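Below is one structure, written out as structure tokens; comments come after it.
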Amino acid sequence: MEPQPKPQAMSSSKPAVGCHRREFLRFGGAVCTLPLLKTFAWSLIFSHERTAWYRNAKFGMFIHWGPYSLASVEASWPIMVPKPGGITQTEYTKLWKRFNPAKFDAHALVDLARSAGQQYMVFTTKHHDGFCMFDSAYTDYKITNTPYGKDIVRQLADAALDAGMPLGFYYSPPDMHHPAFRDTSKLASANWRGEPMRPEWPLYLDYMQLQLSELLTRYGPVALIWFDGLSDQEKYDGPRFVDLIHRLQPCTLFNDRLGVPGDYQTPEQFIPSGIPTKGIRFNAVDTSVQQKLSSALPKEEDFQLWETCMTINNTWAYNANDHEFKSAQFLIRSLVEVASRGGNFLLNVGPQPDGQIQPEFQERLRAIGEWLSVNGDSIYGTTYGPIQGLAGIRTTGKANRIFIHVFDWPNSALEVGDVKVKVLSARLLATGQRLNVAQTEDKLKIELPQHAPDPNVTTIGLVTL
């Protein structure tokens, strides 16, 4: 991830090819244990089915964590792009020697995600600094060599599997610690983009393959690999690792940051202003892509699966000095905004050095969960809504239902144009109250109570013919 401006479950060494959680499980048992047929038609079917659980999930937890939490600094970037007066590379690279998150409870973290209504989790197994939060056999720069001494990824994988929670792994191709990625006799700030022209570079790609193989064979079902290749991603030989993933865990999804098209795109810290379509490429925090987006409804086959990742404050890692927390209402509305354009919302937490999640994060996550306990039907399993670009409301849809999320409560009836289907009934999800509707060829009029039942977002559920 980029620095932000202010406003196993299974221990077998055999390939783990099953997928878990509802569609993940059913599809895994029926399909993922079969050899992949090399036909175009099968490829299309397989691609759609392996993403089905992800399309339905809508809301996940991102977790950025490592020894850097001790210093209340961002992950990796302080040594890549140092700031005057900030932590030095020498200080940063010694943090692991006193990293001892004795209060970490993997089951409690999974339970927190569940209470927030999050349907999958993504954990940073290795960030750009090269420190591994799993017990890799191919480096000494890892969690099991800290005073803590235990494999964090193992604990989280076991807890997630016990709870039926899909777990994905963030894995950084850039690696400031590995001497084949860059000349480590120099400061990382001099060559943090990597040096693929050096003869050692193939050794680094081998190292990546060895570590990804560990993650895909030692920690049970892996829902997705979240690569973060930064610039010039083609140097990582993406097809090699796509093939690796497909061989070891065919159901495992991967994103768009390895120099090859992924299963989904990943705008960072912003929400696309229109529905993303195939052929439009996002580049992390670069918002210039907004100019290419349209408010028009795309054809189903043109839709591009996507996911916005976002922080609760301004930093990915734990930072005791960052108190600029987004409100629960802002985060709920962000989730709605994302779902209304067919995307997923990956909301980040940075655990404290002791392994616990700070109260401000917990408070906001539980508030989102409370809203979803009432309004979840309007988010989970939905796709982009049929009404786009109308101020004050956002819509999602599935089957014969349309959900209208009202951001700005009207003083009188809600009038919505361009509803092309017959509306049979309407009700408030917050109270269950049925609402009177009147529909003409070009307008739908819904009678509303004087005050919004939900100060965050009030949802109206429509049943259509």
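The values are calculated or read from the model by the stated rules, or taken from the named source; none is laboratory data. Quick caveat, the model's predicted, so the values are computed rather than measured. Cβ coordinates were reconstructed from backbone atoms using ideal geometry, including for glycine residues, and neighbour counts include every protein chain displayed.
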inquiry  = Can you list the strands (runs of 3 or more DSSP E) lying wholly within the stretch 362-433 that have 1 or more residues being of a type in the set (Ser, Thr, Tyr) and surrounded by 20 or more Cβ atoms within 10 Å (Cβ to Cβ)?
reply    = 393-398
request  = Would you confirm whether any residue within the stretch 200-219 is under 22 Å from the mean Cα position of the chain (by Cα), within 22 Å of ARG281 (Cα to Cα) and at pLDDT 95 or above?
outcome  = no
message = Quick check on the stretch 184-193. Is at least one of its residues closer than 17 Å to THR139 by Cβ and out of contact with any Gly (no Cβ under 6 Å at 6 or more places or on another chain)?
response = yes
query = List, please: which pairs have Cβ atoms under 6 Å, are six or more places apart or on different chains, and start with a residue in the stretch 72-88 that is more than 17 Å from CYS132 (Cα to Cα) and end with one that is among the small types (Gly, Ala, Ser) and crowded, with 18+ Cβ neighbours inside 10 Å?
reply = MET80/ALA188; ILE87/ALA71
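Conditions tested, residue by residue: (1) surrounded by 21 or more Cβ atoms within 10 Å (Cβ to Cβ); (2) over 27 Å from the mean Cα position of the chain (by Cα); (3) modelled with pLDDT of 95 or more; (4) more than 30 Å from HIS178 (Cα to Cα).
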| site | (1), (2), (3), (4) |
| --- | --- |
| VAL31 | no, no, no, yes |
| PRO35 | no, yes, no, yes |
| ILE45 | no, no, no, yes |
| TRP53 | yes, no, yes, yes |
| HIS64 | yes, no, yes, no |
inquiry  = Considering only the stretch 67-83, I want to know if a residue exists there that is of a type in the set (D, E, K, R), part of a loop (DSSP other than H, G, I, E, B) and either in contact with a Phe, Trp or Tyr (Cβ under 7 Å, 6 or more places away or on another chain) or outside the structural domain of ASP322 (by TED's automatic domain parsing) (or both).
reply    = yes
key: Every residue from the stretch 143-183 that is hydroxyl-bearing (Ser, Thr, Tyr), touching a helix residue (DSSP H, G or I) at 6+ places or on another chain (Cβ under 9 Å) and within 20 Å of ILE87 (Cβ to Cβ)   = THR146
Scan of the stretch 75-103 for residues that are out of contact with any helix residue (DSSP H, G or I) (no Cβ under 7 Å at 6 or more places or on another chain) and either of a type outside the set (Ser, Thr, Tyr) or surrounded by 23 or more Cβ atoms within 10 Å (Cβ to Cβ) (or both), ordered by number = SER76, TRP77, LYS83, PRO84, GLY85, GLU91, LYS94, LYS97, ASN100, PRO101, ALA102, LYS103
ask   = Of the residues that make up the stretch 129-144, is at least one among the polar types (S, T, N, Q), under 24 Å from GLN209 (Cβ atoms) and out of contact with any Asp or Glu (no Cβ under 8 Å at 6 or more places or on another chain)?
value = yes
inquiry  = Name the residue that is nearest to the chain's Cα centre (by Cα), counting only residues in the stretch 266-285 that are of a type in the set (D, E, K, R) and surrounded by fewer than 18 Cβ atoms within 10 Å (Cβ to Cβ).
reply    = ARG281
ask   = If you take the residues in the stretch 119-138 that are assigned to a loop (DSSP other than H, G, I, E, B) and in contact with a Lys or Arg (Cβ under 9 Å, 6 or more places away or on another chain), which one is nearest to LEU346 (Cα to Cα)?
value = GLN119
message = When you check GLN290 against the structure, is it farther than 21 Å from ALA57 by Cβ and assigned by TED's automatic domain parsing to the domain that holds ALA57, yes or no?
response = yes
key: Pick from the stretch 140-170, criterion assigned to a loop (DSSP other than H, G, I, E, B) and in contact with a Phe, Trp or Tyr (Cβ under 8 Å, 6 or more places away or on another chain), ranking: surrounded by the most Cβ atoms within 10 Å (Cβ to Cβ)   = PRO166
key: Hits in the stretch 104-138 - residues which are of a type outside the set (Asp, Glu) and surrounded by fewer than 18 Cβ atoms within 10 Å (Cβ to Cβ)   = HIS107, ALA108, ARG114, SER115, ALA137, TYR138
ask   = What number of residues within the stretch 286-311 are in a loop (DSSP other than H, G, I, E, B), surrounded by fewer than 22 Cβ atoms within 10 Å (Cβ to Cβ) and not basic (Lys, Arg)?
value = 9
inquiry  = It is to be established whether one or more residues within the stretch 215-227 are touching a Lys or Arg at 6+ places or on another chain (Cβ under 7 Å), under 24 Å from TYR141 (Cβ atoms), assigned by TED's automatic domain parsing to the domain that holds LEU346 and not hydroxyl-bearing (Ser, Thr, Tyr).
reply    = yes
message = Would you confirm, using the coordinates I've provided, whether SER11 is modelled with pLDDT under 95, part of a loop (DSSP other than H, G, I, E, B) and either under 20 Å from the mean Cα position of the chain (by Cα) or over 30 Å from ILE368 (Cβ atoms) (or both)?
response = yes
